[in-house]
Each structure stands twice: as structure tokens, then as C-alpha cells.
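Down below is the structure, laid out as C-alpha cells.
The values are calculated or read from the model by the stated rules, or taken from the named source; none is laboratory data. Just so it is clear, the structure is predicted and the values come from calculations on it, not from any experiment. In this analysis, Cβ positions are derived from the backbone assuming ideal geometry, glycine residues included, and neighbour counts consider all displayed protein chains.
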Amino acid sequence: MPELPEVETTRRMLEPVLVGRVVRDVIHTDPERYRNTTAMLGKQIRAIERRGKYLILRLDDGLDCIVHLKMTGGFRTTELPFLEPPRFERLRLVLHDGEVSYVDSRRFGFWEVLPRNEWAHLGTLAKMGPEPLEDEFALEPFQAAMAKVSKVKPALLSQKPVAGVGNIYADESLWHAQIHPEASKLSAAQSKRLHTAIREVMTRAVAVGGSTLSDNSYQQPNGEPGYFKLQHAVYDRAGQPCPRCGSTIEKYFLAQRGTHFCPRCQPKP
DNA sequence: ACTGGTTCCTGCGAGC
DNA sequence: TGCTCGCAGGAACCAG
């Protein structure tokens, strides 16, 4: 499930394939889900950026193409033309010197082409918090926000205190910081540990291409998996020993999300 | 302004 | 082997 590390990996791999190219065709059959994509025709892709879990293709004439991969979205690129469409292909970008395929088995992801930075109707994007791997992710404002939360994990998932944290990286970061997912009103020391943990977890995950959970979930655009799952301490490890203390990792549901934690390292407050 | 619940969608793995 | 069934979850949306 693409979170910041998976989306950033995707962005980096798409950059040399897309930037500078002109969009010759956009092929799909779902104009409700992939909105206004005909506006891309004939436009050059000037840059590909990322904001939280959103990809933003910057096009000629002041247009942005917003892409959200949601649960199962992803890209496939090849050096040669595709001999057959990749499995679960939903959209294909035809460029003057190649093609890029967008796949999404569950069809939760969406595309929308709109005038530059006109994101008001996408509330989560418009109100996105600071990027955790940039200097803008300052400690003091994060501590101030965390001092008010009622439950820390749902707060992280809101994208407001910090951008790009999803279910996997919330669980992993809270384990590293030794904070229970339902902890409220974090102390300055707790928030500092969490701030450090988010930066470290995200940095290490980006370095290895993100997390691939199973064959059908996220893959890098070249078809390779991401290797961060090998470093997961708690996520998808219920019943296995905590790497820090050896206690058995537990899983339960918090705000409708599978939540993994170590009951000894992350005691319930 | 918040919180909490529902919805979208479908492949897959577990269980029988 | 083949079937059913519940799980996976980001974020838009809606109700309270």
C-alpha cells in the first residue's frame, strides 16, 4: 500500500521516463475516475513532484495532473513497447518515445488534471502537513500538535501533523519511539522521539524502495519489490517476537485499521 | 472544527 | 481441487 516511501520511489523512477516528454495519448475507459485527462494531450511534462502520498505531474500551460495511488495503484515502465498490457492496467500514457502503464487492481486510485495548485476540493492535499524528510518538518510545531492529540496513531494518519505517514509507517514509527498507538497528549520527550523515528523510518524505507507486502501489492515501476518489509519490527508481524525485547507482537483494530505494537515496549498509558 | 462511521473495489489467502 | 468468505485500507464523504 503506497505510503510516502513507495510514492517517492515511484516518483524517482518515473522522473527520467516522463520529464521532458510530450503526452501523445492517454488511454483509459473510466473518465469518472481519471478526470479531465484529455487536457494532457500535447502537453509536455515539466516535472514530477510528490506531496505526501500524492504525485503531481507539472505540465505545460499551468496544468497539474494529480495522481493518488491509494491502496493498489502503481506504475509499470519498460524499455521496449509492452508485448501485452501489464496485469490490472487501468490507464496508459503514450509518449513520443515510449509508454507508461498505470495499474490498480482495486481501482481506488484516481487521476485528475486541473489548473496549477487548485487543490481546494482535495482537502487532504490542501491541508497536508510538512514533508517529514525536509527541513520544514520542524520539531517544535510537531511537539505542539502532539501535545493536543487524543490518540496518536489516528492523528498521524490524518496527514496534518506530518505528510505521508500511513498504516505501516505509523506502526513502525510508534514502535521505534516506544509509544502506544492510543497514547494521548504526548510529552515533549515523546514527541521528540517520534519526530526522530518518523524521519529515520522514512529515510530507511525510501533507501530500499519501500515495502512490498505480497506479490500483488506495491511494486516499483520496474517490477521489483521494495525491501523495507525485511526491516519491519511490528507491521504484519503479529505473534512474532519484538526485535527489541522479545515479547510477542500484538495486533488489534484501532479506528478500523489493523494496528501492531509491542505490549512491553509500548505500554498502554 | 472536530470525531466517527461508511464507502469505494477486488484479489487473495485461509478454511473447509 | 474448488468453493465461500472475510480481510486488506487511503481518504472522500457524510452524519452528528
*asked:* Checking the structure you have, find out if any residue of the range A:11-29 is within 13 Å of DNA strand C (Cβ to nearest atom) and not in a strand (DSSP E or B).
replied: no
Taking the range A:130-157 and keeping only residues that are within 11 Å of DNA strand C (Cβ to nearest atom) and either in contact with a Lys or Arg (Cβ under 9 Å, 6 or more places away or on another chain) or β-branched (Val, Ile, Thr) (or both), one is left with A:LYS153, A:PRO154, A:LEU157
Scanning the range A:216-269 for residues that are within 14 Å of DNA strand C (Cβ to nearest atom), over 23 Å from A:SER158 (Cβ atoms) and without any contact (Cβ under 8 Å) to a residue 40 or more places away in the chain gives A:LYS229, A:ARG237, A:ALA238, A:GLY239, A:ILE249, A:GLU250
Within the range A:109-124, of all residues that are under 22 Å from A:HIS28 (Cβ atoms) and at pLDDT 90 or above, the one farthest from the chain's Cα centre (by Cα) is A:PRO115
Residue count, the range A:157-198, condition closer than 10 Å to A:GLN143 by Cα and part of a loop (DSSP other than H, G, I, E, B), comes to 4
Looking across the range A:231-252 at residues that are in a loop (DSSP other than H, G, I, E, B) and within 14 Å of A:ILE168 (Cα to Cα), the single one that is farthest from the chain's Cα centre (by Cα) is A:ALA238
